[in-house]
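Taking it in order: structure first as structure tokens, then the write-up.
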Amino acid sequence: MADFGEAERARLLADPRIIRNRLKINAAIHNAQQILRLQQESGSFKNWLDRHHPQDLPAWVKLFRRTFKFTGPEIVREFLVSTGYLKGAHRDDCPVAAQVAAANPPWRME
């Protein structure tokens with residue numbers, strides 16, 4: 001996707017199966033390019049995330065907004081919770097919380 005040009009953009013804008021918003025399509029292409037850049041600079045996207053960890057959500061949002069497009073607080077929070085960089089997927093009294101904690105997600109190392 002990072003290599004998509006005008007032909008691919010036009011194809012996506014004509015595809016009724018997706019949200020055909022030029023800004024969102026351009027953002028997806030830009031974000032793919034950013035991931036490749038971060039991988040090249042840091043060795044991996046995970047290394048880039050680790051280098052910025054720990055941070056609170058507002059700091060993460062600022063970082064993501066400087067780096068990516070269409071990345072507001074909800075998107076950033078859900079991504080970071082799902083990848084273990086922010087706590088929040090389970091309450092402490094949830095039966096799954098102990099399993100999650102046993103996996104040593106990055107938020108446990110804060």
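The values are calculated or read from the model by the stated rules, or taken from the named source; none is laboratory data. Just so it is clear, the structure is predicted and the values come from calculations on it, not from any experiment. FYI the Cβ positions are ideal-geometry reconstructions off the backbone, even for glycines, and counts take in every protein chain you see. Surface accessibility is based on the protein's heavy atoms, side chains included, excluding ligands, DNA and RNA. Shrake-Rupley method; radii C 1.70, N 1.55, O 1.52, S 1.80 Å.
Which one of LEU63, LEU36 is within 23 Å of TRP107 (Cβ to Cβ) and either open to solvent by less than 60 Å² (accessible area, probe 1.4 Å) or at pLDDT 95 or above (or both)?
The match here is LEU63.
Report, ordered by the first and then the second residue, all pairs with beta carbons closer than 6 Å, sequence separation of six or more or different chains, a first member in segment 16-27 that is farther than 20 Å from ASP3 by Cβ and open to solvent by 100 Å² or more (accessible area, probe 1.4 Å), and a second member that is part of a loop (DSSP other than H, G, I, E, B) and at pLDDT below 95.
Sorted first by the residue in segment 16-27, then by its partner, the list stays empty.
What are the pairs with Cβ atoms under 7 angstrom where one residue, in segment 64-78, is of a type in the set (S, T, N, Q) and the other, located anywhere, is surrounded by 13 or more Cβ atoms within 10 Å (Cβ to Cβ) and in a helix (DSSP H, G or I)? Sequence gap at least six, or different chains.
Filtered contacts from segment 64-78: THR67/GLN34; THR71/PHE64; THR71/ARG65.
Tally the residues that are open to solvent by 30 Å² or more (accessible area, probe 1.4 Å) and small (Gly, Ala, Ser), restricting the search to segment 66-110.
Result for segment 66-110: 6.
What are the residue pairs meeting all of these: first residue in segment 32-44, first residue under 19 Å from LYS69 (Cβ atoms), second residue in a helix (DSSP H, G or I) and of a type in the set (Ser, Thr, Tyr), Cβ atoms under 6 Å, and 6 or more apart or on different chains?
What qualifies is GLN34/THR67.
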